[in-house]
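Single-structure report; data block below.
The values are calculated or read from the model by the stated rules, or taken from the named source; none is laboratory data. Worth saying up front: this structure is predicted, and the values here are computed from it rather than measured. FYI the Cβ positions are ideal-geometry reconstructions off the backbone, even for glycines, and counts take in every protein chain you see.
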């Protein structure tokens, strides 16, 4: 069984998740740590719990979800897993961050492992299913953990809302179609962990989300 630690980072109140297997192997999902204090908080949690970071998983490449990448990989050889379709927005993250008044390291970020749709990833003894669901970005992914019935969805779906589609690579029709065909086919009791805001469930969003409840 997987344990999940949530951090809320940066001015966008982005949710960063640490997925911890019983073997103390872990993965960091969407490292949004922005300030030195936030980075220290994340690194201290990993050190104090004697965790081995196997990978950094990206649900997508928008800058608020990758603020902390450089701070994590500059001193440790942690592979970055992402959908290659988001390579352009990852590459241009410094420019977009600056438009919003935020600093962002100029050095390039390498995607060490290109996640494929339907790929099974392992963290210790725990398996995650990686699913491509474009619409918020071209390469948006969610990660489903069958043993826990948990879906980590980034900015695809929120409690009572859906992700923006007015950013580069966004497409409303693709997003709604993917939510209907890929997310809403998960077990109704599946817990949904979003990139911002509180958790929810598939059942709740199918029933009450005004953007998708009519699907």
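Results for (1) closer than 27 Å to residue 127 by Cβ; (2) modelled with pLDDT of 95 or more; (3) within 16 Å of the chain's Cα centre (by Cα), shown as yes or no for each residue.
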residue	(1), (2), (3)
2	yes, no, no
6	yes, yes, yes
11	no, yes, no
14	yes, yes, yes
17	yes, yes, yes
27	yes, yes, yes
30	yes, yes, yes
35	no, yes, no
40	no, yes, no
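Any residue at all in the stretch 36-45 that is under 26 Å from residue 128 (Cα atoms), part of a strand (DSSP E or B), touching a residue at least 12 places away in the same chain (Cβ under 8 Å) and out of contact with any helix residue (DSSP H, G or I) (no Cβ under 6 Å at 6 or more places or on another chain)? Walk me through how you get there before you give the answer.
From the stretch 36-45, those under 26 Å from residue 128 (Cα atoms) are 39, 41-45; that's our starting set.
Then keep just the ones that are part of a strand (DSSP E or B); that gives none.
Checking the stretch 36-45: not a single residue is under 26 Å from residue 128 (Cα atoms), part of a strand (DSSP E or B), touching a residue at least 12 places away in the same chain (Cβ under 8 Å) and out of contact with any helix residue (DSSP H, G or I) (no Cβ under 6 Å at 6 or more places or on another chain).
In this structure, is residue 32 under 16 Å from residue 6 (Cβ atoms), part of a loop (DSSP other than H, G, I, E, B) and in contact with a strand residue (DSSP E or B) (Cβ under 9 Å, 6 or more places away or on another chain)? Full working, then the answer.
On the way: under 16 Å from residue 6 (Cβ atoms): yes; part of a loop (DSSP other than H, G, I, E, B): yes; in contact with a strand residue (DSSP E or B) (Cβ under 9 Å, 6 or more places away or on another chain): yes.
Against the criterion (under 16 Å from residue 6 (Cβ atoms), part of a loop (DSSP other than H, G, I, E, B) and in contact with a strand residue (DSSP E or B) (Cβ under 9 Å, 6 or more places away or on another chain)), residue 32 qualifies.
Just one of the numbered conditions (1) in contact with a strand residue (DSSP E or B) (Cβ under 9 Å, 6 or more places away or on another chain); (2) farther than 21 Å from residue 152 by Cα is not true of residue 74; which one?
Failing condition for residue 74: (1).
Which ones in the stretch 99-124 are modelled with pLDDT of 95 or more and not in a loop (DSSP other than H, G, I, E, B)?
113, 114, 120, 121, 122, 123
Collect the residues in the stretch 155-209 that are surrounded by 20 or more Cβ atoms within 10 Å (Cβ to Cβ) and at pLDDT below 95, keeping them in residue-number order.
169
Among residues belonging to the stretch 162-179 that are within 17 Å of the chain's Cα centre (by Cα) and outside any loop (DSSP other than H, G, I, E, B), point out the one that is nearest to residue 135 (Cα to Cα).
Top of the filtered list is 175.
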